[in-house]
Amino acid sequence: MYKKTKKLIALLFALILCMALSVPAYASGDVASAVQSTWTAASEQIKSVVNNVVFPALDMILVIFFFVKLGSAYFDCAPVRAM
């Protein structure tokens, strides 16, 4: 009896999974124009975020790496004093 219910549950799960994943196959409409209109509406916001957030963050990371490299180069080339 347990094997029959296990098979039935697996069959129902597979059926529900197939139904859930097949929904996008029946989608209709002009996807390209929807993407283009969304990009047009959001392009200024994306540009301002990139200019005000992403580039300053990258600049700060590069400055930190530069000073770390400069400090490590200084300590690598520093003379060793004999005691």
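Rolling a 1.4 Å probe over the heavy atoms of the protein chains gives the chain an accessible area of 99 Å² per residue.
Cross-link partners for K69 among the aspartates and glutamates, with Cα-Cα distance under 20 Å and sequence neighbours closer than 8 places in the same chain left out: D59.
Above 14 Å, the calculated P(r) of the range 4-76 contains 80 percent of its Cα-Cα pairs. Carbon-plus-sulfur accessible fraction, the chain (probe radius 1.4 Å, protein heavy atoms only): 74%. Only one residue of L17, S33, A73 has its Cα farthest out toward the positive end of the dipole of the chain, where Lys and Arg carry +1 and Asp and Glu -1 on Cβ, and that residue is L17. Taking all protein chains together and a 1.4 Å probe, the residues Y74, Y2 rank Y2, Y74 from largest to smallest accessible area. Taking S48, S72, S33 as the candidate residues, the one with maximal mean-square fluctuation in a Gaussian network model of the chain, Cα springs under 10 Å, is S72. Report summary: the helix-based calculation at 222 nm, which adds -39500 (n - 2.57) for every DSSP H run with n ≥ 4 and divides by the residues of the chain, gives -26000 deg cm²/dmol.
The values are calculated or read from the model by the stated rules, or taken from the named source; none is laboratory data. Fair warning: this is a prediction, and the values are worked out from it, not measured in the lab. Quick reminder, even Gly has a Cβ in these numbers, built from the backbone with ideal geometry, and neighbours come from all protein chains shown. Ligands, DNA and RNA are excluded from the accessible area calculation, which covers all protein heavy atoms including side chains. Shrake-Rupley method; radii C 1.70, N 1.55, O 1.52, S 1.80 Å.
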